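**Q** For reference, the structure I am asking about is given below.
The values are calculated or read from the model by the stated rules, or taken from the named source; none is laboratory data. Note that the coordinates shown come from a computational prediction; the quantities given were computed from them, not determined experimentally. Every residue, glycine among them, receives a Cβ derived from its backbone with ideal geometry; neighbour counts consider all protein chains shown. For accessibility, only protein heavy atoms count, side chains too; no ligands or nucleic acids. Shrake-Rupley method; radii C 1.70, N 1.55, O 1.52, S 1.80 Å.
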Amino acid sequence: MNSEILGIIVMYGLVMLLAIPLGRYIGKIFNYESTWLDKIFNPIDKIFFKIGGIDPSKEMNWKQHLFALLTINVVWFIISLLVLTNMAWLPFNPDGNPSMSGDLAFNTTVSFITNTNLQHYSGESGLSYLGQLTLMLWQFISAGCGMAICAAVFMAMKEKTSATLGNFYSFFVRSCTRVLLPLSFIVAIILVMNGTPMTFEGKDTITTLEGNEQNVSRGPVAAFVAIKQLGTNGGGFYGPNSANPMENPNYLTNIVENASIFLIPIAMVFALGFILKRKKLSWTIYSVMTLGFLMLLIPAVISEVNGNPAISNMGIAQNMGSMEGKEVRFGAAASANWATYTTVTSNGSVNAMHDSMTPIAGMTTLLGMMINCFYGGVGVGFLNFYIFIILGVFISGLMVGRTPEFLGKKIEAKEMKIAMTIALLHPFLILVGTALASHLYAGNPEALSGWLANPGYHGFSEMLYEFTSSSANNGSGFEGLGDNTPFWNIATGIVMLFARYLPIIGPVAIAGMLAQKQYIPESNGTLKTDTSTFGLMVFAVIFIVAALSFFPALTLGPIAEYFSAQ
Amino acid sequence: MSIFANYITPLKNNKYLVMKENIIPAIRLTVFCAVFFSGIYTLSILGIAQLAPNQGKGEIVTVNGKNHHINVAQKFTENKYFWSRPSAVDYNAAGSGGSNKGPNNPEYLKEVETRIEAFLYKNPSVKRSEIPSELVTASGSGLDPNISIIGAKVQIERIANSRNLSEEKIAEVIKNNTERPLFGMFGPAKVNVLRLNIALDKLN
């Protein structure tokens, strides 16, 4: 087997080796069981609660959880807007970069507090170091926020009748300090030792061997990139993200950064099994997710390794595969691998330009974001999957004539209505947004010629990708799109807001209502949710919802491009 | 959204759901998070960076007293040097980026054809089928410091002629600077163009 394929297998192996023990650790954190890190973190957390004026032992119901989450997000929104529109004169700006315009600051703020990290700016020239560090703060705490609300849903799934689901602030602080911080520390140290910059000095100026002057951007990159990868954030320090050789200098850092994308999303699935003491349920969910992931990964890798047929037709050698927009130190396989990891989770960092990928890989990355729950984002990925479980339970309940129950709680009309609304929201946002943009473009292609970098079907894909990425809170892009315009900044900003908060509110409401219902012990009449039959059922629900909603749009984009190029 | 309307009325009556209960803790907590994550965490990594290569200011090699960033591609156009991959941003390391051209974009394919012809013109003994695609396609960052070993070998004759050196000497430079896959097993083998060119300059 060649070294490139072996490289991507070892990455997944590394993820699994670490994700299962990490899942157990996260389970302990949310269960308030003691861990060996308590000695360090108990005092630190105490400072957080003291300064915050928070009683971490106060139990909250699901509405209080949501209210706390939304309030703190409003605070972040305001602070972020203030910093981004005033960076130019604030400290830590050695390169003299400008402040952001209002619409760009709105887009960037929404993008980072919603854990999306869509970037309509380029880090080297669009942010001061203060701006970067502010965005890094959102990378930590928006991920912590996702984990905290996911923990509340885990609590709601326990075998008891309860109105309260723990304390939001406590879950939030514990997620940030005990999970995200130590992991970021380790990753940042590995990066900095491998040559990723970590300095507050501005650009370096050197003379090349041929005597030209070259400016080299630097900054506190290593600290930033670590949490970017771990928190399914994805917003790069540099414009081309982890394709930039400073941000991701070699194959080892690529393995570490790539594995970091999956680590917490997969660990959360195992944390669920630990908290509920239902390991089999975890493995069922994990298997469904992994099946979906592999169905996207394999075609993408094959297509990229085989290269671009249009280049083959020119008669040159494509031993390395399709190399436009890719880096030699990673190769085509590890680039397609990263592209799949980053889109099935809501990470959105890249180590190769998705816009230049073959139509098949373009389609699998789009599908990963359209489905958005094959592992999914930190915390919220599980919430998306939870919706599909509820739908799966209901449909299979109807099929076999049993009362739809999930973990001993009856699913009724109210829960189903919320689940359906949330399941339909994602296609609604993507398709309406893309239709609107296409309509505007078609009406005035000359005035809007700056939008698209590519003609034909691929140009349509660029717009489809942008809205898909926004609605999936992913943040990667077909970056040829000229997206720093008021239309794209505001439209995708609004989509990101809806796509972040409604899919949090919906599942939390369902889980909160189910938690208050009476627990019905398992009997012969119970539909078992930790079997492979049920797993396949959920997979079918996901497939049907995604295929039915998105197939027409994909046909106009990557599918048409694939067939027209044959 | 009418289904959510049922929940709005009860919200008003719940004393824990008033803004005041959450807004002050939210602000105080956020401020301390900023101190802790943007401040203490960042400074700790900055401290550790003092032990890293070039104290975290980017990995450097020094040639004749001049610094070069080893991880960043430089522009090479002279015949006596190995050439880096094409760059969509003209090797601007303060504004990196890719071309973002789609695989079937006719303009893009024309550009690749132009690069192939230019390469064949400067390397007349190389056959078209021997040109590896990475030498005529732009990298993701525009700063890719590497090319494949084949990508280096097809440039040997041009460099040897230009420097009046034997082809074996140039081949030896490639051999001495070949970077094996990680642990000999993972990822592609490659060469760093800047390292090759520094080694070439030492030959003369």
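The rows are residues; the columns are (1) more than 12 Å from A:Val216 (Cα to Cα); (2) at pLDDT 95 or above; (3) open to solvent by 40 Å² or more (accessible area, probe 1.4 Å); (4) not assigned by TED's automatic domain parsing to the domain that holds B:Lys153.
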{"position": "B:Val63", "(1), (2), (3), (4)": "yes, no, no, no"}
{"position": "B:Lys66", "(1), (2), (3), (4)": "yes, no, yes, no"}
{"position": "B:Lys80", "(1), (2), (3), (4)": "yes, no, yes, no"}
{"position": "B:Pro86", "(1), (2), (3), (4)": "yes, yes, no, no"}
{"position": "B:Asp90", "(1), (2), (3), (4)": "yes, no, yes, no"}
{"position": "B:Ala94", "(1), (2), (3), (4)": "no, no, no, no"}
{"position": "B:Gly98", "(1), (2), (3), (4)": "yes, no, no, no"}
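**Q** Something else about it: For the range B:66-76, what are the residues that are facing chain A (nearest Cβ under 7 Å) and either of a type in the set (S, T, N, Q) or part of a loop (DSSP other than H, G, I, E, B) (or both)? Give the derivation first.
**A** To start, the set of residues in the range B:66-76 that are facing chain A (nearest Cβ under 7 Å) comprises B:66-69, B:71-72, B:74-76.
B:Asn67, B:Asn71, B:Val72, B:Gln74, B:Lys75, B:Phe76 - these are the residues of the range B:66-76 that are facing chain A (nearest Cβ under 7 Å) and either of a type in the set (S, T, N, Q) or part of a loop (DSSP other than H, G, I, E, B) (or both).
**Q** Among residues belonging to the range A:370-413 that are part of a helix (DSSP H, G or I) and in contact with a Phe, Trp or Tyr (Cβ under 8 Å, 6 or more places away or on another chain), point out the one that is nearest to A:Gly321 (Cα to Cα).
**A** A:Met370
**Q** Right, something else. Return yes or no: is A:Ile47 over 20 Å from B:Lys20 (Cβ atoms) and either within 11 Å of chain B (Cβ to nearest Cβ) or not in a helix (DSSP H, G or I) (or both)?
**A** Yes.
**Q** Could you grab me the full set of residues in the range A:184-224 that are of a type in the set (Lys, Arg) and more than 27 Å from the chain's Cα centre (by Cα)?
**A** If the condition is that a residue be of a type in the set (Lys, Arg) and more than 27 Å from the chain's Cα centre (by Cα), then A:Lys203 is the only one that fits.
**Q** Let me ask something additional. May I ask you to list the residues in the range A:221-251 that are part of a loop (DSSP other than H, G, I, E, B) and within 8 Å of another protein chain (Cβ to nearest Cβ)?
**A** Result: A:Tyr238, A:Gly239, A:Pro240, A:Asn244, A:Pro245, A:Met246, A:Pro249, A:Asn250.
**Q** Can you name the residue in the range A:276-314 that is crowded, with 22+ Cβ neighbours inside 10 Å and of a type in the set (Val, Ile, Thr) and is also nearest to B:Pro103 (Cα to Cα) among such residues?
**A** A:Ile311
**Q** Give the number of residues within the range A:429-452 that are surrounded by fewer than 16 Cβ atoms within 10 Å (Cβ to Cβ) and either free of Cβ contacts under 8 Å to residues at least 24 places away in the same chain or among the aliphatic types (A, V, I, L, M) (or both).
**A** Adding up the residues that qualify gives 11.
**Q** Assuming A:Tyr25 fulfils every condition listed in (1) open to solvent by 10 Å² or more (accessible area, probe 1.4 Å); (2) over 25 Å from B:Ala94 (Cβ atoms); (3) in contact (Cβ under 8 Å) with a residue 60 or more places away in the chain; (4) within 14 Å of chain B (Cβ to nearest Cβ) apart from one, which condition is it?
**A** The one condition A:Tyr25 does not meet is (4).
**Q** Looking at the range A:1-22, which of its residues are facing chain B (nearest Cβ under 10 Å) and either among the charged types (D, E, K, R) or closer than 29 Å to A:Ala152 by Cβ (or both)?
**A** A:Glu4
**Q** What's the number of the condition B:Pro53 fails, among (1) at pLDDT below 95; (2) more than 8 Å from chain A (Cβ to nearest Cβ); (3) within 24 Å of the chain's Cα centre (by Cα)?
**A** Of everything listed in (1) at pLDDT below 95; (2) more than 8 Å from chain A (Cβ to nearest Cβ); (3) within 24 Å of the chain's Cα centre (by Cα), B:Pro53 misses just condition (2).
**Q** Further, regarding this structure: Taking the residues in the range A:195-215 that are of a type in the set (S, T, N, Q) and in contact with a helix residue (DSSP H, G or I) (Cβ under 7 Å, 6 or more places away or on another chain) as candidates, determine which candidate is nearest to the other protein chains (Cβ to nearest Cβ).
**A** That would be A:Thr199.
**Q** Can you name every one of the helices (runs of 4 or more DSSP H) wholly within the range A:260-358 that holds 3 or more residues which are polar (S, T, N, Q), within 24 Å of A:Ala226 (Cβ to Cβ) and within 11 Å of chain B (Cβ to nearest Cβ)?
**A** none
**Q** Right, another one. If you go through the range B:158-186 one residue at a time, how many are open to solvent by less than 50 Å² (accessible area, probe 1.4 Å) and among the aromatic types (Phe, Trp, Tyr)?
**A** The number of residues fulfilling the criteria is 1.
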